[in-house]
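The values are calculated or read from the model by the stated rules, or taken from the named source; none is laboratory data. All figures in this text were calculated on a predicted structure; none of them were measured in a lab. Using ideal geometry, Cβ is built from the backbone for each residue, glycine included, and neighbour counts are taken over all protein chains shown. The protein model used for the area step is the full one, side chains on, heavy atoms only, and it has no ligands, DNA or RNA in it. Shrake-Rupley method; radii C 1.70, N 1.55, O 1.52, S 1.80 Å.
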Amino acid sequence: MAFKVLDLFSGAGGLSRGFYDAGYEVVLGVDFDKAALKTFKENHGQAEAMNLDLFDHDNIDVIIDFLKNRKIKLDVLVGGPPCQGFSVQRRGENIDPRNQLVLEYVRLLKEIKPRYFIMENVGGILSERGKTFINALFDNMK
């Protein structure tokens with residue numbers, strides 16, 4: 001039985017495609033970009049693709065319900081929350097609404113408790129700009 005993988009902020013699914021190629025069962029990709037999800041669906045076998053806006057906090061519940069209704073115990077959560085707000089190239093205010101989406105990743109991580117997770121982002125998330133979000137991630141891993 002293959003480990004089950006969910007790709008949050010999947011885009012076209014580059015991160016989860018590596019898992020798929022290694023024999024993991026990618027069960028779901030979630031993103032806001034419909035065109036990217038079309039590519040995701042075509043490149044991940046039987047995986048489902050959900051077009052969800054994760055600024056709507058209720059949509060994490062949609063993902064949780066999807067897993068519960070299909071009796072899927074997730075082994076691996078992968079994802080790359082938007083990184084533009086943490087980029088060292090970013091100029092101006094430290095406040096970027098997209099940064100909040102890291103907390104949606106954290107919320108799903110806490111709710112589904114997979115065996116493993118990978119969160120991809122930029123090095124700037126470790127700077128002062130990302131400190132709050134990294135602390136939230138580690139606090140919720142306890």
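The relative contact order of the chain comes to 22 percent, based on Cα pairs under 8 Å that sit 6 or more residues apart. Helices in the chain, meaning DSSP H runs of at least 4 residues, each add -39500 (n - 2.57). Divided by all residues, the mean residue ellipticity at 222 nm is -10500 deg cm²/dmol. Each residue, D65 and D53, gets one label point 7 Å from its Cα in the Cβ direction; the gap between the two is 1.8 nm.
Modelled label-to-label distance, E42 and N135, 7 Å Cα→beta-carbon offset: nm? Distance between label points: 4.5 nm.
Take the chain, connect every pair of alpha-carbon atoms lying under 10 Å apart with a spring to form a Gaussian network, then pick out the residue of Y24, Y105, Y116 with the largest mean-square fluctuation. Looking only at Y24, Y105, Y116, the biggest GNM fluctuation is shown by Y116.
Our estimate of slack between I118 and I72, defined as 0.36 nm per intervening residue step minus the Cα-Cα distance, is 14.7 nm. Taking every Cα-Cα distance in the chain and sorting them into 10 Å bins starting at zero, the pair-distance distribution P(r) comes out as 12, 43, 35, 10, 1 percent. Mark the label point 7 Å from the Cα of M1 along Cα→Cβ and return the residues of the range 32-75 whose backbone N is within less than 17 Å of it. Residues 67-75 fall inside that zone.
Remark: the chain carries a charge dipole of roughly 320 debye about the Cα centre, counting +1 on each Lys and Arg Cβ and -1 on each Asp and Glu Cβ. Probing with 1.4 Å while keeping every protein chain in the model, the per residue accessible area of the range 1-92 equals 54 Å².
Taking a Cβ cut-off of under 15 Å around K34, the surrounding Lys, Arg, Asp and Glu residues balance to a net charge of -3, with basic ones at +1 and acidic ones at -1.
Take each peptide in 54-64, 2-12, count the other Cβ atoms within 10 Å of every residue, and average; sorted highest first, the result is 2-12, 54-64.
What longest region of the chain stays clear of GluC sites (Glu not before Pro) that DSSP places outside H, G, I, E and B and that have at most 15 other Cβ atoms within 10 Å? Answer from the scan: 1-92.
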